[in-house]
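What follows is a set of notes on a single structure, which appears directly below.
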Amino acid sequence: VVRHEQLCLRVLGFNLTSRHPHHYVLHFLKDLNSTEEIAVLSWSLLNDSLRTCLCLQYNPEAIACAAIYLAAEMVNYQIASRDE
């Protein structure tokens with residue numbers, strides 16, 4: 001067991017800290033002036049994403065953006081583009 005733990009630590013570069021996308025989603029939603037419904041749904045999607053390996057594959061900013069996008073699509077909310 002100890003050998004496997006050491007191997008895992010070496011693979012991770014002894015870096016066991018992680019940033020959560022929840023921090024970013026709050027800032028992004030504030031900048032978008034979105035609804036509370038989008039915020040709650042985005043937060044729920046992020047909670048569900050913690051049960052997957054997304055945090056190992058993508059940075060937290062991308063996961064937060066994806067959660068907001070999916071939440072907006074689920075409730076047919078139009079996110080304004082920069083041009084508008």
Point to revise | Identity of the residue in region 60-77, assigned to a helix (DSSP H, G or I) and open to solvent by 80 Å² or more (accessible area, probe 1.4 Å), that ends up nearest to Tyr24 (Cα to Cα) | key: Tyr69
Check your understanding: Filter region 21-59 for residues that are modelled with pLDDT under 90 and not aliphatic (A, V, I, L, M); which is least open to solvent (accessible area, probe 1.4 Å)?
Key -> Ser34
Revision key, fill the gap. Apart from one, (1) open to solvent by less than 100 Å² (accessible area, probe 1.4 Å); (2) at pLDDT below 95; (3) assigned to a helix (DSSP H, G or I) all hold for Ala80; the odd one out is (3)
Practice item. Kindly check whether there is at least one residue in region 2-11 that is in contact (Cβ under 8 Å) with a residue 24 or more places away in the chain, out of contact with any Lys or Arg (no Cβ under 6 Å at 6 or more places or on another chain) and either open to solvent by 90 Å² or more (accessible area, probe 1.4 Å) or of a type in the set (A, V, I, L, M, F, W, C) (or both). Key: no
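I'd like the residue in region 1-59 that is among the hydroxyl-bearing types (Ser, Thr, Tyr) and part of a helix (DSSP H, G or I) and, out of all such residues, is nearest to Ala71 (Cα to Cα).
Looking only at region 1-59, we keep the residues that are among the hydroxyl-bearing types (Ser, Thr, Tyr), and these are 17-18, 24, 34-35, 42, 44, 49, 52, 58.
Going one step further and asking which of them are part of a helix (DSSP H, G or I), we end up with 24, 42, 44, 49.
Values: Tyr24: 15, Ser42: 5, Ser44: 9, Ser49: 13 Å.
Only one residue fits best here, namely Ser42.
The values are calculated or read from the model by the stated rules, or taken from the named source; none is laboratory data. Computed from a predicted structure; not experimentally measured. Heads up, the Cβs are rebuilt from the backbone with ideal geometry, glycines too, and the neighbour counts pull from every protein chain shown. Accessible surface areas use protein heavy atoms only, side chains included; no ligands, DNA or RNA. Shrake-Rupley method; radii C 1.70, N 1.55, O 1.52, S 1.80 Å.
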